[in-house]
Amino acid sequence: MDEKSARPATGLRGKIFLIGYRACGKTAVGKLLASRLGWRFTDMDREIRDRCAMSIKEMVARQGWDHFRERERQLLQELSRQPPTEPGTVVATGGGAVLQQDLWAEIKAAYPVIWLTADPATIAARISADTASDDQRPSLTDQGLLGEISEVLEQRQELYRRAAHRQMDTTTRDPSALVADIIDWLNTRHGDNT
């Protein structure tokens, strides 16, 4: 990738939001995208864990899903309403952040929102291979992993679709190729007059 294509596009307002189900590549793509742009990277789940000094699994066990979702909502509002800074920020949202439906029209009007997807079998394989996943994230249903993924994806599909400007499938694509496509899309979308 040449230096010009790695620069933020003219008119880009300093934040990019990545949405999608867990294990769809938001962290891997987000870190690489932030690095290529020379921006900061914020992982919302990690930020909540750091601020609360406990894992999401522990928080949900102690205080319930509603408490976690409220913390997630507060952080999403904070990140979306803070004025853009230099350098910009790539935000990897939690998989359920789209449940904050009333916030997404405002976010989408202000910043690019990219929906990363993968097929359920790929998501299940990635979660199973992630040794930290079980310690950090509680189950959402009492089904097996693949059943839960399929059910939750079906419930959230339309929310992801409405919140996003662009959908990108990560099932078989390398994060660096995805990042190159994102930067090209941003340059086209915002005009590259550099």
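Observations
- Pairs where the first residue, in the stretch 155-182, is farther than 23 Å from K15 by Cβ and the second is of a type in the set (A, V, I, L, M), C-beta under 6 Å, 6+ apart: T171/A118
- Looking across the stretch 79-112 at every residue that is under 13 Å from F17 (Cα atoms) and hydroxyl-bearing (S, T, Y), the one that is surrounded by the fewest Cβ atoms within 10 Å (Cβ to Cβ) is identified as S80.
- Looking only at residues of the stretch 47-62 that are surrounded by 17 or more Cβ atoms within 10 Å (Cβ to Cβ) and charged (D, E, K, R), we find that the one that is farthest from the chain's Cα centre (by Cα) is K57.
- Filtered by the rule that a residue be assigned to a helix (DSSP H, G or I) and of a type in the set (S, T, N, Q), the stretch 90-111 gives a lone residue, Q101.
- Close pairs from the stretch 35-57: first closer than 16 Å to G94 by Cα, partner hydroxyl-bearing (S, T, Y), Cβ under 8 Å, at least 6 apart: F41/S35; F41/T89; T42/T89; D43/T27; M44/T93; R49/S55
- Scanning the stretch 174-188 for residues that are surrounded by 15 or more Cβ atoms within 10 Å (Cβ to Cβ) and within 17 Å of A23 (Cα to Cα) yields P175, L178, V179.
- Conditions (1) modelled with pLDDT of 95 or more; (2) closer than 22 Å to S35 by Cβ; (3) of a type outside the set (D, E); number of the one not met by N187: (1)
The values are calculated or read from the model by the stated rules, or taken from the named source; none is laboratory data. Since the structure is predicted, the reported quantities are computational estimates derived from the model, not experimental observations. Counting neighbours? That spans all protein chains shown, and the Cβs are built from the backbone with ideal geometry, glycine included.
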